Amino acid sequence: MVVSADDGNPLTQLTLDQLRRRTSVKWRLYPPDVLPLWVAEQDVPLAPPVAEALRRAVELGDTGYSYGTAYAEAVGGFAAQRWDWADFPVGRTTLVPDVMMGTVEVLRLVTGPGDAVVVTPPVYPPFYAFVTNAGRQVLEAPLGADLRLDPAALDEAFRRARAAGDRPAFLLCNPHNPTGVVHRPDELATVAELAARHGVRVVSDEIHSPLALPGARFTPYLTVPGAQNAFALLSASKAWNLAGLKAALAVAGPDAADDLARMPEEVSHGPSHFGVLAHTAAFRAGGPWLDRLLDGLDANRALLGSLLAEHLPTVSWRPPEGTYLAWLDCRDLGVPTEASGDGPPIASDLAGPARMFLDRARVALSSGHVFGSGGAGFVRLNFATSPAVLTEAVSRMGRATRA
Ligand SMILES: Cc1ncc(COP(=O)(O)O)c(C=O)c1O
């Protein structure tokens, strides 16, 4: 499949043949007849400033250990420009290996063994496994019917979390994966108010923050009134497709500085120097590329809406405000929905509609049940691909439902 290579849209630069030569999990988990629209990798080439930073490092043999605050300064510059976060606290940051490892290390600072960590399902499946593996218990505060944060559910979960242990936490997904909801400032202020009332520490996963799509605006949790004792995790990994170049940044609010000071020094040994170089270049100079990507994702979001209306009229969705993930309600397709198993969900588990689409359409999606309560009967579709692949995938999915 040849796609246009001259419109500057990063999503139309690569052919399927080129993509299939990739060795990452998106392209290797399933056989070549499957269109992979599941894991959060994008079908884009590297942003030029990132490629240039890596090329320079290769030429210099600059392959030692990371040092300095360049990553934090680059995030600070980006945050000031994009989110009006003028006083980004470079001095209250630390490098962490990646967002999930950083999240676990922050949770170790603010909670104790056995304490409760509240999550808002449907939500990124590894939230369950990482929290559980760290010896904390997951407590669910499901999203509302509108797929937004539900203050009453949070209030109740925070109360139960406090009763279950001394030092509870809330793992916020901001923006939210899989719904693509970009939380509004008033919603985040309510979270801060509830967290303060119940003595719950908030850890905000902001990995999708650069991916607020046209029409939405991302609010960094640490800029919200009442969030002074919170932590945030930021990374270039999702927006610039750098999951293979591990690095992320943990940021502490002013009242969490003492907690951050207790972070074991060796945690900052985890990110790779190449990861730090790549992420720094992305935040510092990857803005124009990101803007072209966001335009392409905006167009794909609209295209997906028309494709669903044409090929899968009984599937409903709320177009995401951010991320490149679409959360599709397939409960009216008549496919038996999947049951949740015991223990933390496994992200690559397939059942229900996602299993049907893989078997009959040869399109790989993420199965809703692995996103926790309320996920069964849904699929998550990653639309960070070319319009051609997206069109082919949804057409095939439509044919599969009529077969
Ligand atoms: C909400 C969320 N957090 C964390 C991650 C994983 O990030 P990392 O690879 O930096 O641990 C992802 C990946 O898709 C994600 O969607």
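The values are calculated or read from the model by the stated rules, or taken from the named source; none is laboratory data. Just so we're clear, the structure is a prediction, and the values are computed from it rather than from any experiment. Heads up, the Cβs are rebuilt from the backbone with ideal geometry, glycines too, and the neighbour counts pull from every protein chain shown. The area values use the complete protein model at the heavy-atom level, side chains included, leaving out ligands, DNA and RNA. Shrake-Rupley method; radii C 1.70, N 1.55, O 1.52, S 1.80 Å.
Being of a type in the set (S, T, Y), farther than 20 Å from Q13 by Cα and open to solvent by less than 20 Å² (accessible area, probe 1.4 Å) is a property that Y65 lacks. Checking each residue in segment 365-391 for being out of contact with any Ser or Thr (no Cβ under 6 Å at 6 or more places or on another chain) and within 21 Å of N241 (Cβ to Cβ) picks out L365, S366, L381, N382, F383, A384, T385, P387, A388, V389, L390. Note on segment 231-261: residues that are away from the ligand (no atom under 16 Å from the Cβ) and either under 25 Å from W289 (Cβ atoms) or in contact with a Lys or Arg (Cβ under 9 Å, 6 or more places away or on another chain) (or both) total 7.
Any residue in segment 208-230 that is touching a Cys at 6+ places or on another chain (Cβ under 9 Å) and either surrounded by 20 or more Cβ atoms within 10 Å (Cβ to Cβ) or of a type in the set (F, W, Y) (or both)? Yes: one or more hits. Among residues of segment 108-126 being touching a residue at least 60 places away in the same chain (Cβ under 8 Å) and more than 9 Å from P168 (Cα to Cα), the one that is nearest to the ligand (Cβ to nearest atom) is Y124.
Within segment 68-101, the residues that satisfy the criterion of being open to solvent by 80 Å² or more (accessible area, probe 1.4 Å) and under 30 Å from G8 (Cα atoms) are E73, Q81, D84.
Going by the conditions given, is G165 out of contact with any helix residue (DSSP H, G or I) (no Cβ under 8 Å at 6 or more places or on another chain) and surrounded by fewer than 16 Cβ atoms within 10 Å (Cβ to Cβ)? Here the answer is no, as G165 does not meet what is asked. Being touching a His at 6+ places or on another chain (Cβ under 7 Å), hydrophobic (A, V, I, L, M, F, W, C), assigned to a loop (DSSP other than H, G, I, E, B) and within 16 Å of the ligand (Cβ to nearest atom), is that true of even one residue in segment 162-182? Within segment 162-182 (the criterion being touching a His at 6+ places or on another chain (Cβ under 7 Å), hydrophobic (A, V, I, L, M, F, W, C), assigned to a loop (DSSP other than H, G, I, E, B) and within 16 Å of the ligand (Cβ to nearest atom)), the answer is no, since none of the residues qualifies.
Rundown of residues vs (1) of a type outside the set (D, E, K, R); (2) farther than 29 Å from L297 by Cβ, yes/no style:
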| position | (1), (2) |
| --- | --- |
| Y128 | yes, no |
| P151 | yes, yes |
| R159 | no, yes |
| P168 | yes, yes |
| C173 | yes, no |
